[in-house]
Amino acid sequence: MSFIKENFSEVVERIEKSAEKSGRKCEDVRLVTVTKTIDTERIKEAISAGATILGENRVQEILEKYDELSALAKFHLIGHLQKNKVKYIIGKVELIHSVESLSLASEIDKKAKKEGIVQKILIEVNVSGEESKFGIKPCDAEEFVREASKYENVKIEGLMTVAPFDANEDELRAVFKGLRELAERIDGLNIDRVSMKELSMGMTGDYELAIEEGATMVRVGTGIFGKRDYSK
Ligand SMILES: *Cc1c(COP(=O)(O)O)cnc(C)c1O
C-alpha cells in the first residue's frame with residue numbers, strides 16, 4: 001500500500017475515534033483533504049483511498065487541477081480569496097471556507113447570481129486574535145452574519161477558523177471551543193437563511209482536539225501527503 005493510502009486510512013481512523021470520544025457519529029465529521037502544492041497523480045491516490053473533498057488555498061491551483069479531478073471529487077476553497085478572482089471559481093467550488101469581508105460576500109453573491117447558483121460559504125473568524133491571521137473578530141460576527149445573510153445567492157453554512165501553530169493543548173481547545181460557542185450563539189438568533197451547522201476547524205497537528213470540541217470539517221494536508229514542497 002502506498003504511504004498516501006496508509007496515511008489516509010490512519011487519519012480516517014483517528015477521526016472516527018475522536019468523533020466517538022465526543023459522542024458523535026463518524027459521518028458527522030467530514031475530512032477535507034488539503035491538496036495545495038500536491039500534483040494530480042498523488043491527489044488521485046488519495047481519492048482512490050476515499051478522499052471526496054479537496055481543499056485548495058489558491059484559485060489558480062483549483063483551475064489547474066479542475067478538469068482532471070472535478071469528476072472525481074469536490075473542491076473547497078480554504079484560503080484567502082481576492083475579490084477579482086471570485087469570477088473564476090463560482091460554480092467550481094462546493095464551499096468557500098474563508099469569507100471575511102462583506103465586500104467579498106457581495107462579490108460572491110453577484111457572480112453566483114450571474115451563474116444562477118447559490119454559493120455556500122463559511123465565515124472565517126480569527127478567534128485567537130493573532131495579527132497575522134485572516135478572519136473577522138468574534139465580536140463582529142453577529143453583525144457580519146446579519147448583513148451577509150441578505151445576499152440571496154450566498155448561503156451561510158457555518159464558521160471556520162485557523163488555530164495558532166505554536167499553541168499548547170489548552171490554548172487550542174479554547175480557540176476551537178470559542179468558535180463553537182460563537183456558532184451556537186449566532187444559531188440562537190434564528191437569522192433568516194443562516195445555518196450554523198458547519199464548524200471547519202482543525203488541521204494535521206490538532207484535528208483530533210478540534211473534533212472533540214465540535215468540528216464538523218477538519219482540513220488535513222501534511223498528515224496525508226507528508227511535508228509540502230513549496231519550491232515547485
Ligand atoms: C494548508 C492548510 C491546511 C492544512 O494544513 P496541514 O497542517 O498540512 O494539515 C488547513 N487549513 C488551511 C486554511 C490551510 O491553508
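The values are calculated or read from the model by the stated rules, or taken from the named source; none is laboratory data. None of these values were measured; they are calculated from a predicted model. All Cβ positions, even for glycine, are placed from backbone atoms using ideal geometry, and neighbour counts span all protein chains on display. The area values use the complete protein model at the heavy-atom level, side chains included, leaving out ligands, DNA and RNA. Shrake-Rupley method; radii C 1.70, N 1.55, O 1.52, S 1.80 Å.
Is there a residue in the stretch 193-211 that is assigned to a loop (DSSP other than H, G, I, E, B), more than 12 Å from Thr161 (Cβ to Cβ) and within 13 Å of the ligand (Cβ to nearest atom)? Yes, that holds for at least one residue. Sort out which residues of the stretch 116-141 are at pLDDT 95 or above, part of a loop (DSSP other than H, G, I, E, B) and over 12 Å from Glu100 (Cβ atoms), and write them in order of number. Within the stretch 116-141, Gly116, Ile117, Val118, Val127 qualify. On inspection, Ser128 fails the criterion of being within 30 Å of Gly205 (Cβ to Cβ), within 16 Å of the ligand (Cβ to nearest atom) and surrounded by fewer than 15 Cβ atoms within 10 Å (Cβ to Cβ). Does any residue of the stretch 137-159 turn out to be within 14 Å of the ligand (Cβ to nearest atom) and closer than 18 Å to Val29 by Cα? Yes, there is a match, as at least one residue in the stretch 137-159 is within 14 Å of the ligand (Cβ to nearest atom) and closer than 18 Å to Val29 by Cα.
When you check Gly223 against the structure, is it closer than 16 Å to Glu124 by Cβ and either touching a residue at least 24 places away in the same chain (Cβ under 8 Å) or β-branched (Val, Ile, Thr) (or both), yes or no? So Gly223 does not fit the description; no.
Screening the candidates Phe144, Phe165 for the property of being open to solvent by 30 Å² or more (accessible area, probe 1.4 Å) and not in a strand (DSSP E or B) yields one hit, Phe165. Residue count for the stretch 147-157 satisfying the condition of being part of a strand (DSSP E or B) and among the aliphatic types (A, V, I, L, M): 2. In the set Arg219, Arg228, only one residue is within 16 Å of the ligand (Cβ to nearest atom) and in a strand (DSSP E or B); that residue is Arg219.
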